[in-house]
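This report concerns only the one structure given below.
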Amino acid sequence: MITMEWTIRSEEPDDAEGIAAVLTDAFSRKDEAELVSLIRNSDAYDPELSLVCVEDGTIVGYVLFSPVVIRAADCDETKALALAPVAVLTQFRNQGIGTALIEEGIHRSHQKRAKIIVVLGEPGYYRRFRFESAKTHGIEPPWEVPEGSFMILGLEKNVLRDVHGMVHYPEAFSSTANTLK
Ligand SMILES: CC(C)(COP(=O)(O)OP(=O)(O)OC[C@H]1O[C@@H](n2cnc3c(N)ncnc32)[C@H](O)[C@@H]1OP(=O)(O)O)[C@@H](O)C(=O)NCCC(=O)NCCS
């Protein structure tokens, strides 16, 4: 049996097509690929937080972290990052690629001094990265979402203690709000 090795790196200029292929395969629709394309052409894009997993020259996985703001009722604002989307080509799943992409993204977010990451998705998947219910911390998504699916990760001790409010995503997300999971 031949075992290929994969690596994780920042997105590079020629990666757009491969990323779109992974997203379209993983979600069986083009919405997430279009969302990433919109973000790539906006101020929200940071190539160091746009990560690909490459195996034998092919992009097989992808994750993006974008800047968001948590705005309290008194208009106090806290900067954070949103993890979305994450995807792995169907035939490359259950090898730890999704985990490696997310862990590298969390590591880089920490290095960039981000304090909080939010995600909308399956709690059963994200709990393994220590994401917890955002609602418990008084942090709300800007859309109606399934109970428990909006989650938050504090990257510093006690950072979630004094942060409350609604999360505001970059403009690109508003056209694809129903496709975030
Ligand atoms: C979610 C996804 C990125 C995981 O990628 P992956 O490379 O297979 O993930 P890993 O190999 O690191 O982890 C696999 C584990 O996650 C679990 N898992 C995968 N998707 C899950 C989900 N939606 N809910 C709960 N657990 C999930 C698997 O059962 C497996 O569990 P195990 O470690 O106990 O065996 C991939 O399944 C995918 O692209 N899905 C379609 C796109 C999508 O739904 N993305 C958002 C997820 S909310």
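The values are calculated or read from the model by the stated rules, or taken from the named source; none is laboratory data. The structure displayed is predicted, hence computed values, not measured ones. Cβ sites come from the backbone with ideal geometry, for glycine too, and all protein chains shown count toward neighbours. For the accessible areas, the whole protein counts, side chains as well, though only heavy atoms, and no ligand, DNA or RNA atoms are used. Shrake-Rupley method; radii C 1.70, N 1.55, O 1.52, S 1.80 Å.
Points to keep in mind about this one:
- Region 28-44 - phi-based ³J(HN,Hα) in whole Hz, Karplus 6.51/-1.76/1.60, Gly and Pro as x: 6, 6, 9, 4, 5, 5, 5, 4, 5, 5, 5, 5, 4, 9, 10, 5, 6
- Trypsin sites (Lys or Arg not before Pro) restricted to region 27-77 and DSSP loop, no more than 16 other C-beta within 10 Å: Arg29, Lys30
- Distance from region 49-97 to region 115-133 (C-alpha centre basis), Å: 12 Å
- Phi-based couplings in Hz for region 123-137 (Karplus 6.51, -1.76, 1.60; Gly and Pro marked x): x, x, 8, 7, 4, 5, 9, 6, 5, 9, 4, 6, 4, 4, 9
- Extension gain for Thr7 to Met166 (0.36 nm times residue separation, less C-alpha to C-alpha distance): 53.7 nm.
- Antiparallel content of DSSP bridges confined to region 6-179, in %, to 5: 85 percent
- Integer Hz, Karplus 6.51/-1.76/1.60 couplings in order for region 8-14, x for Gly and Pro: 10, 8, 5, 4, 10, x, 8
- Calculated [θ] (222 nm, deg cm²/dmol) that DSSP helices of n ≥ 4 give over the chain, each run adding -39,500 (n - 2.57): -6500 deg cm²/dmol
- Across the chain, the fraction of Cα-Cα pairs farther apart than 24 Å, rounded to a whole number, is 34%.
- Probe 1.4 Å, protein heavy atoms only - accessible area per residue of the chain in square angstrom: 54 Å²
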